[in-house]
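The values are calculated or read from the model by the stated rules, or taken from the named source; none is laboratory data. Treat the numbers as computed from the prediction; the structure is a model and nothing was measured. Every residue, glycine as well, gets a Cβ built from its backbone with ideal geometry; the counts of neighbours run over all protein chains shown. Heavy atoms of the whole protein, side chains included, go into the accessibility calculation; ligands, DNA and RNA do not. Shrake-Rupley method; radii C 1.70, N 1.55, O 1.52, S 1.80 Å.
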Amino acid sequence: MSDVKLAPSILAADFARLGQQVAEAAQAGADRIHVDVMDGHFVPNLSMGPAIVQSLRRVTDLPLETHLMVTDPDLFLDEFSAAGSDSLLVHYEGNVNLHRTVQRIRTLGKRAGVVINPATPAGVLEEIVQDVDQVLVMTVNPGFGHQQFIGTTLPKIRRVRELIERLKPGCEVEVDGGIDAATAPLVVRAGATVLVAGSAIFGDRDGVAAAMKRLLTALSAMGRETYLAERSALQRSQPCNSE
Ligand code: DX5
Ligand code: ZN
């Protein structure tokens, strides 16, 4: 599974040792660093701003991917771009001028991505996927790290993969939330090629390198076990109440 890329999310990192933790992730084979930006409006949490990106830009050559969980991303594109973000990921939800936002990102010379929440159907990507470099499928509700993977997102990842193969082959399919050694094989089997992981990487008591190795080992061991785990994840999903 060498074509699967890992994007450690620094939301789960120790901010007192951020540079060091990012260096460890780079050394262990991280493809990019995922920066979660939250404004307390779009999601009920606050996190970080362009100053963090600026500091990281000085200490790492890895691409910095900025996930904007904010009500009006257009207000911040210039600042994150100037701070050193390589890609800017904006949510479909609540953005009435998504095409304009994406074009602004491209004008800034950055990679553009569109993010969809767990309750947002894959089909909304139909008219925007041609204009983006990556699609990010949220596998938890955005706002917090260390949440449980939502199993019903698996068939949606498959639908996103099909849509991309049809309309924009080469566009990346990334997933974010609850990704660990158990869920990573499931999302890859469903069609994801880039995995964001926060607590599974920075929250591992054995350290960043061991955690990333665990994820990669789980991916290389994909097989019958994965099929069984996938079935049980789907069965655990909330059944419809028939009453
Ligand atoms: C959630 C963020 C994620 C978060 C994932 O709103 O977008 O990037 O860091 O954390 P884990 O991997 O712990 O679920
Ligand atoms: Zn994220």
Any idea how many residues of segment 85-122 are open to solvent by less than 10 Å² (accessible area, probe 1.4 Å) and assigned to a loop (DSSP other than H, G, I, E, B)? 1
So which residues in segment 1-30 are assigned to a loop (DSSP other than H, G, I, E, B), open to solvent by less than 50 Å² (accessible area, probe 1.4 Å) and either within 14 Å of ligand 1 (Cβ to nearest atom) or free of Cβ contacts under 8 Å to residues at least 24 places away in the same chain (or both), if there are any at all? Ala13, Ala30
A careful count of residues in segment 108-146 that are within 16 Å of ligand 2 (Cβ to nearest atom), in contact with a Leu (Cβ under 8 Å, 6 or more places away or on another chain) and not charged (D, E, K, R) gives 9
Count of residues meeting criterion [away from ligand 2 (no atom under 12 Å from the Cβ) and either open to solvent by 50 Å² or more (accessible area, probe 1.4 Å) or within 13 Å of Ser199 (Cβ to Cβ) (or both)] in segment 147-158: 4
Run down Phe80, Phe42 and say which single residue is on the phi < 0 side of the Ramachandran plot, part of a helix (DSSP H, G or I), touching a residue at least 24 places away in the same chain (Cβ under 8 Å) and among the aromatic types (Phe, Trp, Tyr). Phe80
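Within segment 1-22, take every residue that is touching a helix residue (DSSP H, G or I) at 6+ places or on another chain (Cβ under 7 Å) and among the small types (Gly, Ala, Ser) and give me the one that is nearest to Ala190 (Cα to Cα).
Of the residues in segment 1-22, the ones touching a helix residue (DSSP H, G or I) at 6+ places or on another chain (Cβ under 7 Å) are 1, 4, 6, 8, 10, 12-14, 18-19, 21-22.
Now drop any that are not among the small types (Gly, Ala, Ser), which leaves 12-13, 19.
Details: Ala12: 25, Ala13: 28, Gly19: 33 Å.
Ranking the candidates gives Ala12 first.
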Report yes if Ala7 is away from ligand 2 (no atom under 16 Å from the Cβ) and under 22 Å from His146 (Cβ atoms), otherwise no. no
Within segment 195-208, take every residue that is under 16 Å from Phe144 (Cα atoms) and among the small types (Gly, Ala, Ser) and give me the one that is surrounded by the fewest Cβ atoms within 10 Å (Cβ to Cβ). Gly203
For segment 47-72, which residues satisfy the criterion of being farther than 15 Å from Val22 by Cα and more than 16 Å from ligand 1 (Cβ to nearest atom)? Pro50, Ala51, Asp72
Those residues of segment 123-141 which are open to solvent by 10 Å² or more (accessible area, probe 1.4 Å) and touching an Asp or Glu at 6+ places or on another chain (Cβ under 8 Å), in sequence order: Asp133
Among the listed residues Ala211, Ala181, identify the single one that is within 16 Å of ligand 1 (Cβ to nearest atom), among the aliphatic types (A, V, I, L, M) and open to solvent by 20 Å² or more (accessible area, probe 1.4 Å). Ala181
Filter segment 159-176 for residues that are within 15 Å of ligand 2 (Cβ to nearest atom) and either polar (S, T, N, Q) or open to solvent by 10 Å² or more (accessible area, probe 1.4 Å) (or both); the one that is farthest from Ala200 (Cα to Cα) is Glu172
Matching residues in segment 31-46 (within 11 Å of ligand 1 (Cβ to nearest atom) and surrounded by fewer than 16 Cβ atoms within 10 Å (Cβ to Cβ)) number 2
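Which ranges mark the helices (runs of 4 or more DSSP H) fully within segment 161-243 that have 1 or more residues being of a type in the set (Val, Ile, Thr) and modelled with pLDDT of 95 or more? Show your work before the answer.
Values: elements: 184-190, 199-202, 208-220, 224-236.
Of the helices (runs of 4 or more DSSP H) lying wholly inside segment 161-243, those with at least 1 residues that are of a type in the set (Val, Ile, Thr) and modelled with pLDDT of 95 or more span 184-190, 199-202, 208-220.
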